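First comes the structure, then the notes that go with it.
The values are calculated or read from the model by the stated rules, or taken from the named source; none is laboratory data. In this text, all values refer to a predicted model and were calculated from it rather than measured experimentally. Here the Cβ positions follow ideal geometry from the backbone for every residue, glycine too, while neighbour counts run over all protein chains shown. Surface areas here come from the heavy atoms of the whole protein model, side chains and all, with no ligands, DNA or RNA. Shrake-Rupley method; radii C 1.70, N 1.55, O 1.52, S 1.80 Å.
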Amino acid sequence: MDFFDTAEGWGRDQLEQTQLVRLKSTVAHARKCNFYRERLDAAGIGPEGIQSLDDLRRIPFTTKQDLRDQYPTGMLCVPTSEIVRMHCSSGTTGSPVAICHTQNDINAWADLMARCMYMVGVRRDDVFQNMSGYGLFTGGLGIHYGAERLGCLTIPAGAGNSRRQIKLAKDFRTSVAHILPSYALILGEHLRKMGEDPRDFPLRIALVGAEPYTEEFRQRIESLFAMKAYNSYGLSEMNGPGVAFECLAQDGLHIWEDAYIAEIVDPETGQPVPDGTVGELVMTCLCRQGMPILRYRTRDLTRFLPGQCACGRHHRRMDRIVGRADDMFIVKGVNIYPMQIEQVIMTFAEVGQSYLILLENDGIGDLMRVQVEIRDEFFVEDMRVLQGLQKAIAQRLRDEILITPKVELVQSNSLERSEGKAVRVRDLRAKK
Ligand code: DLL
């Protein structure tokens, strides 16, 4: 097999031996900041405290609140003069979280990102267009440096502005793009409105991630553009993109275990769940000097996939993220994740690019409305057809989530667009 670097092809023994060596040195290094020294001492883990990979479980979790409390530089483990870049995580609530990197950190991250891209067939003669926001968001510079590391002509197009994206892609024959799932469908619609078939667009590969989306959504993106779309997972606290990535088999995301240790725990108890069971992903980085983070509670829900991947790589795979522990909402006593809704509505050919879940309370009880954009060619259908569609969607949703939401069909492009990650749920209940 053709690997980007040797660690990509390592077997289990080599991966685990390396993890142990790197975990030992990361934990020893983390003691250079007061926060971890105190935490580790309190847990009885001294400078030589890690003897086996099982000792990882003795280390207390790190939470987003810890990172907020240590903002901006409380968790640095090198002098500030060694730091060359910082990024912030995309959280919209609470005070910010800043992650600081040394030049070595940035280089190691670029290598990992380049490995992801190489794995799905991106090569130096590809033209790569990054359609993601730059700035503090790691999907900009993080992926950018990976593409340059591979030697691609890299176009830092940034988010939005579909007309310009299309012009750049056509002028430079862009073959690979990084794009948020919600934006991919919007871009396709824009092309159609211009009277063009998105299948004629030069793209052959898209790296798609940064927000949850379903397999049904991926299939739409792939067929719309006649290209392959690979799921890309990461979070700022673990650098950003480049943590886990799908290979050509598209059967789960390989977690780069030479650089990270992943655990999946019960979100309530913090105890490991049996393999194959969905739980909260907990991540430890093994190759970071500026700001190492141990056992980070990501709040993302997924499961390890059993067995070895058909591609032959030994890095463990995780399933696509089903949602975040924080995304779950409760209506009439039922726990619902936005992805359950998406999974249903995206199977209807009439459904367009976007949807929005509205949660309200009419004083008697909770109400859930699902606004669904309908593709232009179906919106002109007669009333009975549209009512039939509305009913069919509502019924299928009831089968999935056990309550019947009110489904509203709206015109394509009528729901608000965001330049960054899509907002899928508006909970208006608290305001009543
Ligand atoms: O979104 C890093 C990234 C950029 C990943 C570009 C992939 C591509 P944050 O802004 O810190 O970092 O947000 C991290 O986004 O905890 C997940 O909840 C969500 N997320 C990221 N990738 C995926 C994915 C970047 N493939 C948070 N599927 C994470 C589902 C994802 N959710």
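Using a ≥ b ≥ c from the Cα gyration tensor of region 276-315 (square roots of the eigenvalues), is it rounded, prolate or oblate, where a/c under 1.5 gives rounded and otherwise the larger of a/b and b/c decides, a/b for prolate? Could the numbers behind the result be given before it?
Values: a/c = 4.30, a/b = 1.42, b/c = 3.02.
It is oblate, given that a/c is not under 1.5 and a/b is not larger than b/c.
In whole percent, and with a 1.4 Å probe on the protein chains, what portion of the accessible area of the chain is carbon and sulfur? Write out the running numbers ahead of the final one.
Values: 9170 of 18480 Å².
That fraction is 50 percent.
I'd like the FRET efficiency for M1 and A226, computed as 1/(1 + (r/R0)^6) with the beta carbon distance as r and R0 of 25 Å, rounded to 0.05.
Numbers: r = 26 Å, r/R0 = 1.05.
With a Förster radius of 25 Å, E is 0.45.
Please go through region 96-140 and write out the trypsin sites (Lys or Arg not before Pro) that DSSP classes as loop and that have at most 14 other C-beta atoms within 10 Å. Numbers along the way, then the final one.
Working: sites: R115, R123, R124; in loops: R123, R124.
Here the sparse-neighbourhood loop sites are R123, R124.
Taking the dipole about the Cα centre of region 323-397, with the C-beta of Lys and Arg at +1 and of Asp and Glu at -1, give me whichever of I336, G352, L386 is farthest to the positive side.
Ranked along the dipole, the leading option is I336.
If you put +1 on each Lys and Arg Cβ and -1 on each Asp and Glu Cβ, how big is the dipole of region 346-432 around its Cα centre, in Debye rounded to 20?
On the way: 14 positive and 15 negative charges, 72 e Å.
That gives a dipole near 340 debye.
What FRET efficiency, computed as 1/(1 + (r/R0)^6) with R0 = 25 Å and r the Cβ-Cβ distance, is obtained for R192 and N161, rounded to the nearest 0.05? The partial results should precede the final answer.
Values: r = 17 Å, r/R0 = 0.69.
Given R0 = 25 Å and the Cβ-Cβ separation, E is 0.90.
Take the alpha-carbon centre of region 353-432, take the same for region 247-263, and report the distance between them in whole Å.
34
At a 1.4 Å probe radius, which order do T73, T298 fall into by accessible area, largest first?
Details: T73 70, T298 5 Å².
These residues rank, largest area first, as T73, T298.
Among the GluC sites (Glu not before Pro) in region 325-432, which ones are in a DSSP loop with at most 11 other Cβ atoms within 10 Å of the Cβ? Mind listing them?
Working: sites: E342, E350, E360, E373, E377, E381, E400, E408, E416, E419; in loops: E350, E381, E416, E419.
Taking region 325-432 and a limit of 11 other Cβ atoms within 10 Å, the loop GluC sites (Glu not before Pro) found are E416.
Nearest 5 is fine: what % of DSSP beta bridges in the chain come out antiparallel, could you say? Working shown, then result.
On the way: 39 of 64 bridges.
Beta bridges within the chain, antiparallel portion: roughly 60 percent.
Roughly speaking, what is the centre-to-centre gap between region 62-133 and region 179-201 when only Cα atoms are used, to the nearest Å?
29
Count the lysine pairs in region 1-326 whose Cα atoms sit under 23 Å apart, keeping only pairs 8 or more residues apart in sequence or on different chains. Write down the numbers at each step before the final one.
Working: K24/K32; K32/K64; K167/K193; K167/K228; K170/K193; K170/K228; K193/K228.
Going through region 1-326 pair by pair, I get 7.
Once the Cβ-Cβ distance between E268 and Q103 is put in as r, and R0 is 45 Å, what FRET efficiency do you end up with, to the nearest 0.05? Don't skip to the end; give the middle numbers.
On the way: r = 40 Å, r/R0 = 0.90.
Efficiency for this residue pair is about 0.65.
Give the accessible surface of region 1-326 per residue, rounded to a whole number of Å², with probe radius 1.4 Å and ligands, DNA and RNA excluded. Please list the in-between numbers first.
Numbers: 12780 Å² over 326 residues.
Each residue of region 1-326 exposes 39 Å² on average to a 1.4 Å probe.
Would you please state the base-10 log of I(q)/I(0) at q = 0.08, 0.13, 0.16 1/Å for region 1-326, with intensities from the Debye formula using one equal scatterer on every alpha carbon?
-0.36, -0.95, -1.42
Only Lys, Arg, Asp and Glu count, each charged at its Cβ (+1, +1, -1, -1), so figure out the dipole size of region 1-326 about its Cα centre, rounded to 20 debye.
On the way: 38 positive and 40 negative charges, 151 e Å.
Around 720 debye, computed over region 1-326.
For region 329-431, place one equal point scatterer on every Cα, skip the solvent, and apply the Debye formula. What is log10 of I(q)/I(0) at q = 0.15, 0.24 Å⁻¹?
Log-scaled intensity ratios, in q order: -0.61, -1.39.
What whole-number value in Å² describes the accessible area per residue of region 346-431 for a 1.4 Å probe?
On the way: 4780 Å² over 86 residues.
Accessible surface, normalised per residue, equals 56 Å².
Could you tell me the relative contact order of the chain? Use alpha-carbon pairs under 8 Å, at least six residues apart, and round to a whole percent.
Once normalised by length, the contact order is 14 percent.
So which chymotrypsin sites (Phe, Trp or Tyr not before Pro) in region 237-306 pass both tests, a DSSP loop state and at most 15 other Cβ atoms within 10 Å of the Cβ? Display every interim value, and only then the final one.
On the way: sites: F245, W256, Y260, Y296, F304; in loops: W256.
Qualifying residues, ordered by number: none.
Work out, step by step, the length gained on full extension between T80 and Q51: first 0.36 nm times the residue separation, then minus their alpha carbon distance; give nm to one decimal. Each step should come with its number before you reach the end.
On the way: separation 29, 0.36 × 29 = 10.44 nm, distance 3.05 nm.
Fully extending the segment from T80 to Q51 adds 7.4 nm.
Okay, which of region 312-348 sit inside 14 Å, backbone N to the point 7 Å along the Cα-Cβ direction of V425?
Counting only backbone N, you get 322-343.
Under the rule a/c < 1.5 gives rounded, and otherwise a/b versus b/c splits prolate from oblate, where does region 294-361 land using the Cα gyration tensor?
Values: a/c = 3.02, a/b = 1.52, b/c = 1.99.
Cα axes put region 294-361 in the oblate bin.
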